[in-house]
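Structure first, then comments.
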Amino acid sequence: MGSIVPGITAVGGYVPDYILTNQELEKLVDTNDEWITSRTGIKERRILKGEQQGTSVMAVKVLQQLLEKSGTDPKELDAVIVATITPDYFFPTTANLITSEVGAVNAFSFDMGAACSGFIFALETGANYIRSGNYKKVAVIGADKMSSITNYSDRNSCILFGDGAAGVMLEPNAEGLGIYDTILRSDAVGKELIYLKGGGSVNPPTHQSIDAGLHNFYQDGKSVFKYAVTCMADVAAEIMQKNNLTGDDIKFLVPHQANKRIIDATANRMGVGPEKVMLNIQKYGNTTAATIPLCLYDYEDQLKKGDNLVLAAFGGGFTWGSMYLKWAY
Ligand code: UT7
């Protein structure tokens, strides 16, 4: 770790108003509330409705909150990083759009894609800008409109996802409270198990690609589950070991919200009880890059300066990672 510690000085979050319940899904596909609840922990998720409404609609609300809560003039902002796999467009990036919308005329901005691990990857990237000493205020946002790539006739996947955005402001912390350690991993062994095949340079959009469903999310749930449950628990245990932490030292595990069973396995492996696990999958489902910061947003009033948090994620690619940080306010 360098001498400059990047600390979180504000957290923001936004989910759309429309609530898609398990009961409503029962009318769309052959499923039921009992199956969804017992297999995933999800009860409802939020959906961004309306024409021409993209991920930036949610992300810009988060950026506005971050500026306000951290007392930052938009002109002071150095950088904006948006983790997303559902950008408004391939380009301009979603980060470019929201940075201009808030009048952050001196900031550079870009999107990052690491699927469900996107927020941790982006947070480590933002942290390194702060550690460099060249930048003082970096906003890191995870935002996904998963409903834009979900096939609502596929019961294997449509029950899982929701839309949302959340993020944090990073600044140098004089008290040494902030991001201490990060482990990031990726392995394309998952490329046939979880993917969006269409729309990129291999399968550009055609009538055939649309008919073949290539523009919808696909996963082999059972296979992904096996990797997720092992990799997320391993990487969470590894960062604890590396930093000599026991379950008693941890205030909260902040896990990616894909499946409550994966979260429970990670908590067990870390030796932390359910009271120390941030959980909101029941309300929002899997919002991909937004799950971890949405947890921080929901639990913000339970956090105190100096609290030890471990973030952990697993997602498409595969990508996975963990982060150890001390809450800064
Ligand atoms: O976030 C990024 C990474 N992604 C993940 O971490 C997700 C990992 N995977 C999972 O969370 C789980 O695999 C799922 C929640 C997606 C599925 O749960 P599962 O316990 O692995 O179920 P399954 O896919 O093995 O399916 C079991 C049964 C099947 O029926 P048969 O073949 O046993 O007769 C499915 O057809 O459940 C059936 N099924 C459903 N039944 C009711 C699948 N989806 C549904 C459904 N409602 N929505």
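Counting every C-alpha pair in segment 180-326, the share spaced more than 25 angstrom apart comes to 32%. Summarised as an ellipsoid, segment 138-196 has semi-axes of 33, 18, 8 Å, derived from the eigenvalues of the Cα gyration tensor scaled by 5 and square-rooted, with the largest first.
All other residues whose Cβ lies under 10 angstrom from that of Gly12 are scored, Lys and Arg at +1 and Asp and Glu at -1, for a net of 0.
Positive contributions from Lys and Arg (+1) and negative ones from Asp and Glu (-1), summed over other residues with Cβ under 12 Å from the Cβ of Leu170, come out at 0. Listed cross-link partners Lys49/Lys145; Lys61/Lys137; Lys145/Lys326; Lys61/Lys283; Lys222/Lys283; Lys43/Lys69 are compared with a 21 Å cut-off, the Cα-Cα value being larger for Lys145/Lys326; Lys222/Lys283; Lys43/Lys69.
Full extension of the chain between Glu34 and Glu238 yields a length gain of 70.0 nm, computed as 0.36 nm times the residue separation minus the alpha carbon distance. Taking the DSSP beta bridges with both ends in segment 180-326, the antiparallel portion is around 75 percent. Note that the chain, at 4 °C in a medium of 1.567 mPa s, gets a Stokes-Einstein diffusion coefficient of 66 µm²/s from its Kirkwood radius over C-alpha pairs.
Restricting everything to alpha-carbon atoms, can you work out Rg to Rh for segment 5-178 with a Kirkwood hydrodynamic radius?
Values: Rg = 17.5 Å, Rh = 16.9 Å.
My calculation puts Rg/Rh at 1.04.
Tell me the relative contact order for segment 180-326 as a rounded percent, counting alpha carbon contacts under 8 Å between residues six or more apart. Walk me through the numbers before you get to the answer.
On the way: 238 pairs, mean separation 52.4, N = 147.
For segment 180-326, the relative contact order is 36 percent.
The residues packed around Ala313, meaning those with a beta-carbon under 12 Å from its beta-carbon, carry a net charge of 0 if Lys and Arg are +1 and Asp and Glu are -1. Where both residues lie in the chain, what percent of DSSP beta bridges are antiparallel, nearest 5? Restricted to the chain, the bridges split so that about 70 percent are antiparallel.
Rule-based calculations on the coordinates, nothing more; no lab input. Fair warning: this is a prediction, and the values are worked out from it, not measured in the lab. Using ideal geometry, Cβ is built from the backbone for each residue, glycine included, and neighbour counts are taken over all protein chains shown.
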